[in-house]
Each structure stands twice: as C-alpha cells, then as structure tokens.
C-alpha cells in the first residue's frame, strides 16, 4: 500500500495537476495532521516555491537541484523561504531516490551551502530503516511524487526555538499515523483541502 504512485495514469499529469496534488498533500497531511508544525506559517505567507523537475535521469535531477539550491540561496527569505522540488518523471524507485540523496548531500558541500541550506525528502514509497513497506508510520514521509524539500537552516533554527517540544515531533507523528491507520489515512486524504487554501504560493511555471 503506497501513496499515489508516480505517473500511475496512462497520460502524464499536467504541471498544474502535479502542483495541485502536492499542495493537497501539504495542506491535508503535513499541515492538516500537524506532521510539521513549521509548515503552516510559510504556507500561509506564500513563501513556498513549487518547482517541477522535468528530469528523467539522476544527472538531470541533480542539475535541477543545483539550480534550485542557488535560487533559494539568493532569494529574499520573505519571498521564498523554502522550496519543494517535485520530481514526477524520475526516481520512482525508492532505492534510486536514496542514491540521489547521497549525491544531493555532496552537492550541498560542493556549492558551499552546507550549514546554510539543508534537504529533507519525501517519496511515494518512503520506508524508514527497519520498517516494513506497509507500516503506517512510513506515511509521515510519503508524498504523491518524489520531493526534495530545500530548507534554510536559519529558518529551521528559529522554528525549533519557537516550538518547545521539537525533539518529540518524530515520535508524535508516528503515533498520529498509528491512531489513524490505513483506512483513516485514505479517508483523510480523500477530502478536499480546507477553504481558503487557494494554493497561490510561488510556482515555477517555466517549461
């Protein structure tokens, strides 16, 4: 049992559909279940950049990642505080995605932004080490598409300081998913996003 698989339909989804699915996941799962207490603020302030990679190979993904890391590093945090790099056409296999994360960490060092930016990860097949593929706890990090989440270290530090129990987030999230269960997850995610979530954050509309 997985989240929506990458390119599961015969026709590839449009860019608008990809962003819409990602925003729905963000508002329903990440914010709606409070899996990340820091996400609501940047979403409400429209400081999230949604960038879609057209890459079909690891090398192309890394090239797009480099572009987005540079873009985020140079942007005004008030305009773009964080970036979701969505990869709908590559890295469908979770092992391949994990390989990409190794090279992504190397890229942070090569660009000399380690300590300034960091990368979190989400995937339709996400599986924590030591877990079974169908364990509900994996759904804390499952998303409609492979996603590289680019974050500012300074923003994360401020958010952690403002959240008194940040160290307990991982355990609390797993308990939330255990209470929900697979049927509850499907029912929760099938509902529309709350009113007012028009999704007009920063988007990369370039082809």
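The values are calculated or read from the model by the stated rules, or taken from the named source; none is laboratory data. As the structure is a prediction and not an experimental result, all values here were calculated from the model. Every residue, glycine as well, gets a Cβ built from its backbone with ideal geometry; the counts of neighbours run over all protein chains shown.
Of everything in segment 112-125, what is under 23 Å from residue 18 (Cα atoms) and free of Cβ contacts under 8 Å to residues at least 60 places away in the same chain? Give them in sequence order. Selection gives 119, 120, 121, 122, 123. Just one of the listed residues (124, 37) is within 13 Å of the chain's Cα centre (by Cα) and within 16 Å of residue 149 (Cα to Cα), namely 124. Reported count of residues in segment 52-65, each being under 17 Å from the mean Cα position of the chain (by Cα) and loosely packed, with under 15 Cβ neighbours inside 10 Å, is 1.
Run down 59, 68 and say which single residue is more than 21 Å from residue 35 (Cα to Cα), out of contact with any strand residue (DSSP E or B) (no Cβ under 6 Å at 6 or more places or on another chain) and in a helix (DSSP H, G or I).
On the way: 68 fails: out of contact with any strand residue (DSSP E or B) (no Cβ under 6 Å at 6 or more places or on another chain).
Going through 59, 68 in turn, the sole match is 59.
Residue 95 falls short of the stated requirement of being within 26 Å of residue 47 (Cβ to Cβ) and modelled with pLDDT of 95 or more.
Residue 203 fulfils the conditions (1) in contact with a helix residue (DSSP H, G or I) (Cβ under 7 Å, 6 or more places away or on another chain); (2) at pLDDT 95 or above except for a single criterion, (2). The residues listed here are 23, 106, 49; of these, the one that is in a helix (DSSP H, G or I) and either touching a residue at least 40 places away in the same chain (Cβ under 8 Å) or surrounded by 15 or more Cβ atoms within 10 Å (Cβ to Cβ) (or both) is 23.
Among the candidates 147, 80, 136, 86, the residue that is within 21 Å of residue 172 (Cβ to Cβ) and surrounded by 18 or more Cβ atoms within 10 Å (Cβ to Cβ) is uniquely 136. Each residue in segment 52-78 was checked for being closer than 23 Å to residue 14 by Cα and touching a residue at least 12 places away in the same chain (Cβ under 8 Å), and 13 of them qualify. Can we say residue 128 is crowded, with 20+ Cβ neighbours inside 10 Å and without any contact (Cβ under 8 Å) to a residue 60 or more places away in the chain? Spelling it out, it is not the case that residue 128 is crowded, with 20+ Cβ neighbours inside 10 Å and without any contact (Cβ under 8 Å) to a residue 60 or more places away in the chain.
Take the conditions (1) in contact with a strand residue (DSSP E or B) (Cβ under 7 Å, 6 or more places away or on another chain); (2) in a loop (DSSP other than H, G, I, E, B); residue 131 misses just one of them, which is (1). For segment 79-90, residues that are touching a residue at least 60 places away in the same chain (Cβ under 8 Å) and assigned to a loop (DSSP other than H, G, I, E, B) total 6.
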